[in-house]
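The structure appears below as structure tokens.
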Amino acid sequence: MASLLVIDDEASILHAFRRAFGRPDIELLTASSGLEGLEAVAEHQPDVVVLDINLPDMPGLEVFRRIRSQDARIPVIFITGHGTTDTAIEAMKLGAFDYLLKPLELAPLETLIARAFEISRLMRVPARTEIEGPSDGADIIIGRCPAMQEVYKSIGRIAPQEVTALIMGETGTGKELVARAIYQHSRRATGPFLAINCAAIPENLLESELLGHEKGAFTGADRRRIGKFEQCSGGTLFLDEIGDMTPLTQAKILRVLQDQQFERVGGNETIKTDVRIIAATNRDLQRMILDKKFRSDLYYRLSVFTITLPPLRERGEDLMLLVQFFLNRYGLELGKEITQTSPETTEMLRRYSWPGNLRELQSVIKQALLQSTGPVLLPEFLPQFVQVGAQCRVETPGTTPSELDRLIDDGLRSNAPDLYESILNQVKRRLLTKALQETGGNQLRAAKALGISRSTLRNDLKSLGISVERQISKSDDPLE
């Protein structure tokens, strides 16, 4: 249960919070003075604090400083009248999470507190590797395959070092979990941890979110905003999906990494910061550098130490370890007791390609548990797309860049005739096969995904000798 402490001397404000947040999933604590609030922080260690600037016994800023000295990880949201925003901004510089102006509006208040709860969870709930022992409520990085063993070693090597780290891997492979593990094993574990998804913030707002802006810097900038680099000074900033940054924002971030200083948007004051950066991406940054879409100098700054997470489909027996882990975890949450998976279900889970990786597996297990009856997970409890995808899965190695290089090198060395056409046909064959796997053999959807007409797809299938009966034969794959 998340806990929320509201420190305000106005009875009407406390009453409004009780009405809005008096829910079973939230423990609401209230205090009407600074001293009472500090006692509540020491006793209850709340997940989030809402703090009024003006209190009867001491300034809200002083209360905030004392909270920070007790636990710098607690997100503190200030509420303030129009005449005291300068004090709230000063608090933001010192690391407050955000502030809201009175009178409070419920929708933005709920959104902000939900974000604060999530940030608090990321800092407080440990992210541990499986080899570190029992979970005790921690988020566990599960995996025993060689690639995951290397990930564990990398976390141990990089966590104590004050250098940037770059985590690479497909969507859903657990990049944020690895970033949290690095943070929680670092010297900055008692400081703040903030996470920003660069792909989720509009291009014109991302720079302001990271660096802040001055009042009047652009249309809608009605007050000064403190950015995450300033707010998180002394802590760790996780930049997820950094490959989605525009070149202009990349240049600004590069300067922060080089000089540990920056200016807010629309400002000329140089601000110093002390932030450790952990970045992550699902994109091929080296390819983006060649395409002039990502700065090479920023890449070299970020990739001082790189951790690459393997996709779920390449992790072998880790899959069933994860299935059992999620069955246990979500079985408790949903009141379902599944003790085993049937052999048919196990085979189906292994044959599915898991394009969404761990995130997709979590969703599938939850859906299956909701459908389940009895102690055994049966195939019919799995979502339909998994059942269809498993039937269409071709158990073959993918055409990875290294395989292509090998095929090309072998062909060039042997002076193979028609090498150009041969390589293109093999790649095309693999591409069409993969597209049909992902769409369950549906040619119309496959053609749409590939950006070609259905007739073009049919002609290519015919010319390559690929037969489709809602299932792809092993003999259709060029790498078998």
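Any read-out appearing in this document is the output of simple, stated calculations on the displayed coordinates, not a laboratory observation. What you see is a predicted model; the values in this text were computed from it and never measured. Methodologically, a virtual Cβ is constructed for each residue, glycine included, from the backbone with ideal geometry; neighbour enumeration extends over all protein chains shown.
Taking every pair of alpha-carbon atoms in the range 216-326, give the share separated by more than 18 Å as a whole percent.
Summing the P(r) tail past 18 Å for the range 216-326 gives 61 percent.
Please give the FRET efficiency for Q391 paired with M288, using the beta carbon to beta carbon distance and R0 = 45 Å, rounded to the nearest 0.05.
E between Q391 and M288, to the nearest 0.05, is 0.80.
With N residues in the range 274-320, what two-decimal value do you get for its Cα radius of gyration over 2.2 N^0.38 Å?
1.50
Computed FRET efficiency, Cβ-Cβ of R115 and L334, R0 22 Å: what is it to the nearest 0.05?
In this case the efficiency is close to 0.30.
Report D for the range 2-120 in µm² per second (integer): Stokes-Einstein, Kirkwood Rh on Cα pairs, 4 °C, 1.567 mPa s.
It comes out at roughly 93 µm²/s.
Whole percent per 5 Å bin, from 0 to the bin with the longest distance: what is P(r) over all C-alpha pairs of the range 150-206?
The calculated distribution, bin by bin, is 4, 16, 26, 22, 17, 11, 5, 1.
When DSSP assigns beta bridges and you keep just the ones with both residues in the range 127-308, what percent turn out antiparallel, to the nearest 5?
Of the beta bridges lying entirely in the range 127-308, close to 15 percent run antiparallel.
What Kirkwood hydrodynamic radius, in Å, does the chain give when the mean of 1/r is taken over all pairs of distinct Cα atoms and then inverted?
In the chain this quantity evaluates to 25.6 Å.
Rounded if a/c is under 1.5, else prolate if a/b is larger than b/c, else oblate: which is the range 270-398, with a ≥ b ≥ c the root eigenvalues of its Cα gyration tensor?
prolate
With no solvent and one point per C-alpha, what does the Debye sum give as log10 I(q)/I(0) for the range 22-77 at q = 0.17 Å⁻¹?
Each listed q corresponds, in turn, to -0.49.
Using the membrane-span-like helix rule (whole DSSP H runs, Cα extent along the own axis of at least 30 Å, mean Kyte-Doolittle hydropathy at least 0.0), which helices of the chain qualify?
none
Mind checking Rg over Rh on the range 127-308, alpha carbons, Kirkwood formula for Rh?
My calculation of the ratio gives 0.99.
For the chain, what is the calculated [θ] at 222 nm in deg cm²/dmol (nearest 500), taking -39500 (n - 2.57) for each run of four or more DSSP H residues and dividing by its residue count?
Helix-only estimate at 222 nm: -14500 deg cm²/dmol.
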